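Values in this text are rule-based calculations from the coordinates and carry no lab data. Small disclaimer: the values here were computed from a predicted structure and weren't measured. Cβ atoms come from the backbone with ideal geometry, glycine included; neighbour counts cover every protein chain shown.
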Amino acid sequence: MDNPRVFADIPAEEFAVIQSLASILKFRHIFIFIADRSGSAVSIRELLFQHPGGSVTQVPDSGSLSQAVFEALHGPVINGNREVSGSLSGHFKLPFGGSIYTALIYPLEEQTSLLFICDDGEPGVHGESLEMLSTVSRMVSVSVRNRISNSDLLFEETKYKHLFASAPEAIAMVDGENRILDVNPEFERLFQYKGQEVLGKKLDELISPGLMLDEALELTRSNWEGRRVMVESKRMKKDGSWFDVSIMGVPFNNNYGHQRIFGIYRDISNRVKSEDQLKNRAAFIEYISRISSELINTDISNIDAIIEDALERVARFNKAERAYLVGISEDESYIRITHEWDDDIRQSHRSCQSSILIRDIKEYFLRLRSGKTFQLRRDEAGITEGTEELPFFFDLLNIESLINIPLFVGREFMGYIGFDMYSRPYHWDEQSVNIFSLTGQILVNALSRKRTEEKLKKALMSAEASDKLKSAFLAGISHEVRTPMNHIMGFIDVINEGDPSPDERREYLQIMKNSGTHLLRLIDDVIELAMIDSGQVHLRESICELGRFMQSLKAEFENIRTSMGKVAVELKLETPDQYTDLVVQTDEFKVRQILWNLLSNAIKFTSVGTVTFGFNIANDKTRIEFFVKDTGIGIDAE
């Protein structure tokens, strides 16, 4: 007998049983098919066994065979009994191809059956042979059904293992004591453990130690009570670092009825970080808006403290280690740090180099004044155009990275705002640069407001001082005017009412003339003060020979001294011998007016002693210093 064709779904030992049975019962053919069932209809799908072996052409056509099976099940009884139940399980006669076969059918699954077709060359199988055939076919169907069930289980297990291994989430399976039974590759990657390191260990104690353990145990307790858990929390990696995770706990029963839990973890650190950044940015924008309003409305005495607080907040928010504002001296000869924050006071610019001469960074300064922003690392300083002078200052001030943004009020260049890193190189993104620029503009506007208000305050104080000076001047001058006027009016009465001698008349007239001259000078002073106050004083420069000028002044005051009766006062002129012929260009009238007032007061308030006046040449030989000194009563210190 030829060897039967062997298929994977029927073990070889069962083929041997069928082969032996065929020999005993003298079957010419045995075919075993997989058939699909729909109600009482049967559709032949797959040949599992053929006896004897041979070419495929010996196998009955599946379509014709399906039709024959249907007719046999639903047609008249032919030479035998039809014993097929409603579940299509049993045996029946099958006329086909000029022969009558014995057919047996047994269910495998809900819609699948195993169909046996046997040909013994006679009208059919009956009696003990049929019982034997039924027993063997039933045995085969049970075996195939078990093989299919086992195959399904194997498929499900394979599918589970594939899904478990390829899942994008980290998964750990634990038993009833919370001990780890299995972990997938993503769990190993995320938590930095190898699988063999964690098997048998308690999951919660491994990745949720310390303060998070109570929370983890509570979640596990909920799982064992049959509830799914979905939360967001923190868990710890092997290296001790904590990170944000979403956690899902899923209880289930395995194929053996044991309860298990899947702990499923997804890293949400980036999402949480983005959400935190959005919250922080919103809070920062609110802060910038608040200080902008505060700097507009606060008293100028508070501005410096608010600026330094703002520098710190902006620097910390944008991961800078140092922040500062740089202003320009009035003569534009140097720049200096006006405000600064450092996260380490030892790295302060102000304590190391608070000012830099502009000529030492001329090209860099000119580019800042033109509106260019610089963001530089140490290795770029000196290479980037305009930064040729900077490597020295990077070393001096311990700078690894910096950003300097120019600040303007209107079109006036006010300086720049700067942020540094001294511990490592760093690059600030566009959003940070925009924040720096906005902050700098808010702060420089506040400083401009402070400067303007200080100027106004100073001008107001000057105006008040000027008013007081005017009041004092008018109070003093009223006395100064009345005194010579009283002299004039009094001596006019003496001359008119008395009969003075010619010598007395000449004396009286000289006193009246001196008083008139003094009065005229007072009037000139008042007019000059008014002109100064209204800005109408103009210089009229001319060539002046200092030697001649000083001698003429001395001669004039010798007469004034005599007329004032100050015979006990000696008038001295002191000038450098080598500069007696010095010629300068100046307003001689105003210089004379200043010295005249000083000498007049000196003589007036000195009864006995000396009044000395003259000039010196300053050490730098660019200035002439005039002086008047006396031995009179002077002015009280207070």
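Close amide H contacts of Lys201 (hydrogens built in the peptide plane, cut-off under 5 Å, sequence separation of 5 or more or a different chain): Ile180.
Roughly how many Å is it from the Cα centre of region 297-314 to that of region 450-524, as a whole number? Cα centroid to Cα centroid, the span is 53 Å. Rounded to the nearest Hz, the phi-derived 3J(HN,Hα) couplings of region 487-496 under the Karplus curve 6.51 cos²θ - 1.76 cosθ + 1.60 (θ = phi - 60°) are 4, 5, 5, x, 6, 4, 5, 4, 5, 6, where x marks glycine and proline.
Take each of the peptides 436-442, 316-322, 509-515, average the number of other beta-carbon atoms within 10 Å over its residues, and list them starting from the highest.
Numbers: 436-442: 20.7, 316-322: 18.7, 509-515: 15.4.
Final packing ranking: 436-442, 316-322, 509-515.
Cβ under 14 Å from Glu388's Cβ, Glu388 left aside: what net charge do those residues give with Lys, Arg +1 and Asp, Glu -1? Within the 14 Å Cβ shell, the charges total -2.
Couplings 3J(HN,Hα) of region 569-576, computed from phi: 10, 9, 9, 10, 10, 10, 9, x Hz, in residue order, whole Hz [Karplus 6.51 cos²θ - 1.76 cosθ + 1.60, θ = phi - 60°; x for Gly and Pro]. Filter the cross-link list Lys470/Lys629; Lys554/Lys604; Lys201/Lys273 down to pairs whose alpha-carbon distance in this structure exceeds 19 Å. Correct reply: Lys470/Lys629; Lys201/Lys273.
Have a look at Ala216, Leu199, Tyr265 and report the one farthest towards the positive end of the charge dipole of region 167-267, computed about the Cα centre with Cβ charges (Lys/Arg +1, Asp/Glu -1). My answer, from the dipole projection, is Leu199.
For Lys372, nonlocal amide neighbours, meaning residues 5 or more places apart or on other chains whose placed amide H falls under 5 Å from its own, do not occur.
Taking amide H positions as modeled 1.01 Å from N, with prolines and chain starts lacking one, the residues under 5 Å from Tyr416 and 5 or more places away or on another chain are Val326, Leu407.
So what is the relative contact order of region 538-630, in percent, for Cα pairs below 8 Å that sit 6 or more residues apart? Kindly include the intermediate steps, with their values, before the conclusion.
Working: 121 pairs, mean separation 30.8, N = 93.
The value is 33 percent.
Beyond 25 Å in Cα-Cα separation lie the following of the pairs Lys590/Lys621; Lys457/Lys621; Lys202/Lys237; Lys372/Lys455; Lys468/Lys513: Lys457/Lys621; Lys372/Lys455; Lys468/Lys513.
Each residue of region 269-284 was assigned a 3J(HN,Hα) from its phi angle through the Karplus curve 6.51 cos²θ - 1.76 cosθ + 1.60 (θ = phi - 60°); the sequence is 4, 5, 5, 4, 4, 5, 5, 4, 5, 5, 5, 5, 5, 5, 5, 5 Hz, with glycine and proline shown as x.
How much net charge surrounds Asp239 when only the other residues with a Cβ under 15 Å from the Cβ of Asp239 are counted, with Lys and Arg +1 and Asp and Glu -1?
+3
Around Glu186, with a cut-off of 11 angstrom between Cβ atoms, what is the net charge of the other residues, counting Lys and Arg +1 and Asp and Glu -1? In short, -1.
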